[in-house]
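Read through the structure below, which is laid out as structure tokens, and then see the notes.
The numbers here are math on the coordinates, done by the rules we state, and not lab data. Being a predicted model, the structure only gives us computed values, none of them experimental. With ideal geometry, Cβ positions are generated from the backbone for all residues, glycine too; neighbour counts draw on all protein chains shown.
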Amino acid sequence: MNCFRNLYKATTLLGVLCLLCSLPVKAAKITRHSETASGLQGWSITDERIEIQLNPLQRDQVRAFYLARGFSDEVTQEIERSCVFQAVMSNISSPADGISVGVDLSQWRIVTSEGGVALTDKDSWLQRWDEMGASQASNVAFRWATFPWQQRYVQSGDYGWGMILLGADLPEVFSVLLHWTVAGQPHSQRIDGLSCPE
């Protein structure tokens, strides 16, 4: 009798575990917020471990920033045409969890009706500016002002920010597919309805 009782308990436990495994993974929450630095609305993706904000920057803000760092008018115009957003990423996990989160911008995609397009990596931009005659000091400023291509936030409360150049000649409305990791496990979420500042 005990054998049947134990078998029943094991079968019930297995059924519960299968049910839990079949439940859909909770999608990250997407919200709109007001970005006071530019006066434009931005987007936030939040799950239990990470928050990612994408805030569009006005072209005149971008232009003023890079002109002040020694870039030529030609380079500055190319940067401002490249749909610049400020990205802010934070590890919002519980301190007791000890969970790290990470991002790798090479996994992000601009999504249009024609498919997905990878972001241009930071080294390619720097090579372009170098070919256009940018000084070493200007390139250092660009490297530090733009978001790291790969970044990991080890502890709760860790965060970072920087500019991301999404690219020129984007459609009026497009989507971005974001990827990140939580404790090494991949996650992704698509944000629709993005647009570049006029």
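Points to keep in mind about this one:
- For segment 25-92 versus segment 148-198, the inter-centroid distance based on Cα atoms is 9 Å.
- This ranking places 66, 153, 159 by how few other beta-carbon atoms lie within 10 Å of each, fewest first, which gives 159, 153, 66.
- A compact globular protein would have a Cα radius of gyration near 2.2 N^0.38 Å; the ratio found for the chain is 1.32.
- Over the chain, dividing the summed -39,500 (n - 2.57) contributions of all DSSP H runs of at least 4 residues by the number of residues returns a 222 nm mean residue ellipticity of -9000 deg cm²/dmol.
- Placing R0 at 35 angstrom, the Cβ-Cβ distance between residue 72 and residue 29 gives a FRET efficiency of 0.25 after rounding to 0.05.
- The label point for residue 173 and the one for residue 64, both projected 7 Å from the Cα toward the Cβ, are 3.1 nm apart.
- Theoretical gain in end-to-end length, residue 144 to residue 131 [0.36 nm per residue, Cα-Cα removed]: 2.8 nm
- The simple Förster model, with R0 at 22 Å and r as the Cβ-Cβ distance, assigns residue 195 and residue 158 a FRET efficiency of 0.15.
- Restricting attention to segment 133-194, close to 90% of DSSP beta bridges with both partner residues there are antiparallel.
- Kyte-Doolittle mean at least -0.5 and Cα axial length at least 20 Å: DSSP H helices in the chain: 2-22
- Relative contact order for the chain, counting Cα pairs under 8 Å that sit 6 or more residues apart, in percent: 22 percent
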